[in-house]
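To start, the structure itself, in C-alpha cells.
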Amino acid sequence: MNSRKKAILLILGAWLLTSLSLAAEVIKTPAEETRYTRYSQHEEVTRFLSVLSARNPVLKVRIAGKTRDVENYPGRDLFLCVLTEEGVLEATALNRDKPTLLFIASQHGNEQSGKEAALRLIRDLAAGELRPVLKKVNVLVIPQANPYGNYFDIRQNETGLDLNRDHVKLEGESTKIIHRIFSLYQPEITMDIHEKGDDYYRVSVGCVSNLNIHRSLQDYSRNMIMKEIEKKLARKKITFHEYLVSEVLGMDTSSGARVVQEENREMMLRFSTTDLNDGRNSLGIYETLAFIQEGASRHDLASLEARTGWQYEGLRALLEVVAEHPEEMLRLVKKLRADLLTRARQRSGDDPVHLKMAYVRDPNQPQLELKAFESTSSNIRGILKVDKKAGDYLLADDIAPYQGPSRLKVVTRVEKNWFPLVESRLAIRRPSGYIIPADRTDLAEVLVQHGIRLQILEKAAQVEVTGYKTIEVVPARADYLAPEKLEVQPEKLKIPLKRGDFYVSCQQPAANLIPCLLEPQSEYGLIRYFGFKLVPEAGDYFSIYRIEEPVTLPLVDYKSW
C-alpha cells in the first residue's frame with residue numbers, strides 16, 4: 001500500500017473515530033455541568049441549545065421574540081425549540097397527523113426547576129432515549145419564558161409583571177410570545193411548568209377548569225391522562241396528586257390582584273383557578289388539553305437536583321402518555337374545535353358563554369383526605385416492612401428507606417372545607433359579533449395578540465346593536481378585579497358606525513374567549529384592568545356593542561398579514 005493511500009485511510013479512520021466519539025458523547029445540560037450548584041442562566045441556555053441543535057437535525061430553534069431592555073438587565077431572546085422526526089421548524093411544515101405538545105417553562109422566575117427539567121427533556125428528545133417518541137408526537141418547548149426572573153431568582157419579569165396572571169391583557173413580551181406561538185402552531189396539548197411549596201406530593205398536575213372549555217376535556221384529562229401520569233410516577237416512587245389550591249374561605253385570589261387575605265380565617269381547598277389569565281385556561285379555552293404542573297420545592301440550591309428530577313419525570317410521563325394515545329387525543333381535540341365553530345354559527349340558547357363562576361362543595365364528597373408532611377423532633381430512620389414488638393430484633397431487611405425529609409413525618413390530613421365543583425353564576429347567549437370604536441386601538445391590539453381575527457369598516461354604515469346602559473356601578477377595589485357591582489340594562493339601538501370601527505366576529509376559534517373578554521359583566525374581561533378605562537359611569541352606555549344576528553357590513557381584515 002503506498003503512502004498516499006495510508007494517509008487517506010488514517011484521515012478517514014480519525015474522522016470515523018471522532019464522529020463515533022461525538023455521537024456517543026452525552027451533551028450535558030448547564031445544570032448537569034455545574035452539578036446543580038447554581039441556576040442555569042440565559043447565556044448557558046443559548047450555548048446548550050446551539051450545540052444540541054447543531055448535532056441533532058430533529059431539533060430546530062427559533063428566536064420567538066425578546067424581553068424588554070431595563071436598567072439592570074438587557075433584553076434577552078426568547079427561544080422556541082421545535083422537535084420533530086422530520087426536522088422541520090415552520091408550523092406549516094408540521095406533520096398534523098400527529099398531535100403537537102407544547103411545554104412552557106419558567107414563567108415565574110424563582111421556580112427554576114421547570115427550566116432545568118425542560119432543557120433535560122429537550123436533550124433526551126433530540127439526542128437521547130426519548131427520540132423515538134417523535135415518531136408519534138411533535139414537541140414544542142419554550143424553556144425559559146422569564147430570563148430576568150431567573151437571573152434575579154424572583155417571581156416577576158423585567159417590568160414587575162406576574163406573567164402567569166397576564167394571559168388576558170398580554171402586557172408582557174413573554175405572554176405575547178406564548179400566545180403568538182400557540183396561534184401559529186395550534187398544539188392540541190399544552191403544559192405550563194411551575195413550582196409550589198415543599199409538599200408530600202412531589203408532582204401535582206392540574207387540568208382545565210373554566211366552564212367554557214368543553215367538559216369532555218376535563219373528564220378525559222382526569223380519568224385517563226392524569227391517572228396514567230400517576231401510574232408512571234408511582235413506578236419511580238414519585239408521589240402525585242391533582243394540583244390543589246388553599247386559600248381563605250370565601251375568597252378567590254387567583255386573579256393576581258393585590259388583595260390582602262384576612263388572617264385567622266378558615267381555609268378552603270379547591271382545584272386551580274377558573275380564571276383565563278393563567279397559562280392553562282387561556283390556552284384551554286381553544287378546546288385544548290391544557291395542564292399545569294407544580295413541582296414540590298424548597299426553592300433552594302440544595303434541592304435543585306431532586307426537584308429537577310421530579311419535574312422531568314412529570315413532563316416525561318405526560319409526553320409518554322400522549323405518545324401512547326396520539327390518534328385518540330388528536331381526534332378528540334380536532335372534533336371539539338370543529339364543533340365549537342359550528343356552535344358559534346348556530347348560537348343556540350342551550351349553549352351559553354359563562355361569565356361568572358364559583359367553586360362549590362360536592363355533597364357526594366364533602367371532605368378530602370390528603371397526605372402531608374408534619375415536623376418531628378427526631379430523625380426518621382426508615383419504615384418498617386413487617387410488624388415488630390418492643391424487644392424484637394430489627395434487621396436491615398425489615399426496614400425500607402424513608403422517601404421524605406428525615407425530620408418530617410407523613411400524616412393523613414382531612415380537609416373539611418373542600419370545594420371541588422364549579423358552578424356558573426352568570427351566562428349569556430353568544431352574539432354574532434361585537435363592535436369596538438375606531439379609537440380603541442388598545443383593545444384591538446390585545447385581541448390581535450390573542451390570535452383573534454378583527455375586521456374594520458371601509459365606510460360608514462348603520463346597524464342594529466344591543467347596547468348596555470349602566471344602571472349602577474361600584475368600581476373594583478384593586479386592579480385585576482371586576483367592578484364590585486355593575487348593573488346594566490340591554491337595549492336595542494340603531495347606531496351609525498364610522499369608517500375604521502372594528503368588528504369582531506364570534507365565528508372563529510376564539511368563539512368562547514371573545515365574549516369573556518368583551519362583555520361588561522365578565523369576571524374574566526378586559527374591563528377589570530384599570531389601564532383600559534372601560535368601566536362606564538352610571539347612565540352611560542358600555543363602549544362595546546353586541547351584534548346579535550349576522551349582518552352584511554363593508555369590512556376588510558385588520559392586520560391580516
Here are some conditions: (1) closer than 20 Å to Ile292 by Cα; (2) in a loop (DSSP other than H, G, I, E, B); (3) touching a helix residue (DSSP H, G or I) at 6+ places or on another chain (Cβ under 6 Å). Lys176 meets all but one. Which one does it not meet? (2)
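Of all residues being of a type in the set (A, V, I, L, M, F, W, C) and crowded, with 23+ Cβ neighbours inside 10 Å in the range 89-120, which is farthest from the chain's Cα centre (by Cα)? Just the residue, please.
Leu119
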Residue that is surrounded by the fewest Cβ atoms within 10 Å (Cβ to Cβ) [pool: residues in the range 532-557 that are in contact with an Asp or Glu (Cβ under 8 Å, 6 or more places away or on another chain) and more than 19 Å from Glu491 (Cβ to Cβ)]: Val556
Taking Gly206, is it under 14 Å from the mean Cα position of the chain (by Cα), small (Gly, Ala, Ser), buried (at least 21 other Cβ atoms within 10 Å of the Cβ) and on the phi < 0 side of the Ramachandran plot? yes
Whichever residue in the range 67-88 is farther than 25 Å from Gly172 by Cα and either among the aliphatic types (A, V, I, L, M) or within 24 Å of the chain's Cα centre (by Cα) (or both) and, among such residues, is surrounded by the fewest Cβ atoms within 10 Å (Cβ to Cβ): Val88
Would you confirm, using the coordinates I've provided, whether Val259 is closer than 30 Å to Asn157 by Cα and crowded, with 18+ Cβ neighbours inside 10 Å? no
So which of Lys469, Lys459 ends up being in a loop (DSSP other than H, G, I, E, B), basic (Lys, Arg) and in contact (Cβ under 8 Å) with a residue 60 or more places away in the chain? Lys459
May I ask you to verify whether Leu481 is under 33 Å from the mean Cα position of the chain (by Cα) and either closer than 19 Å to Ile285 by Cα or not assigned by TED's automatic domain parsing to the domain that holds Ala338 (or both)? yes
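Results for (1) of a type in the set (Gly, Ala, Ser); (2) modelled with pLDDT under 95, shown as yes or no for each residue.
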position	(1), (2)
Glu263	no, yes
Met267	no, yes
Phe271	no, yes
Thr274	no, no
Ser282	yes, no
Thr288	no, no
Ile292	no, no
Leu301	no, no
Glu305	no, no
Is at least one residue of the range 465-475 modelled with pLDDT under 95 and surrounded by 15 or more Cβ atoms within 10 Å (Cβ to Cβ)? no
Based on what the data block shows, is Gln449 touching a residue at least 24 places away in the same chain (Cβ under 8 Å) and surrounded by 14 or more Cβ atoms within 10 Å (Cβ to Cβ)? yes
Filter the range 410-431 down to the residues that are farther than 15 Å from Leu269 by Cα and β-branched (Val, Ile, Thr), then identify the one that is surrounded by the fewest Cβ atoms within 10 Å (Cβ to Cβ). Thr412
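The values are calculated or read from the model by the stated rules, or taken from the named source; none is laboratory data. This structure is a prediction, so every number in the text was calculated from the model and none was measured. Cβ coordinates were reconstructed from backbone atoms using ideal geometry, including for glycine residues, and neighbour counts include every protein chain displayed.
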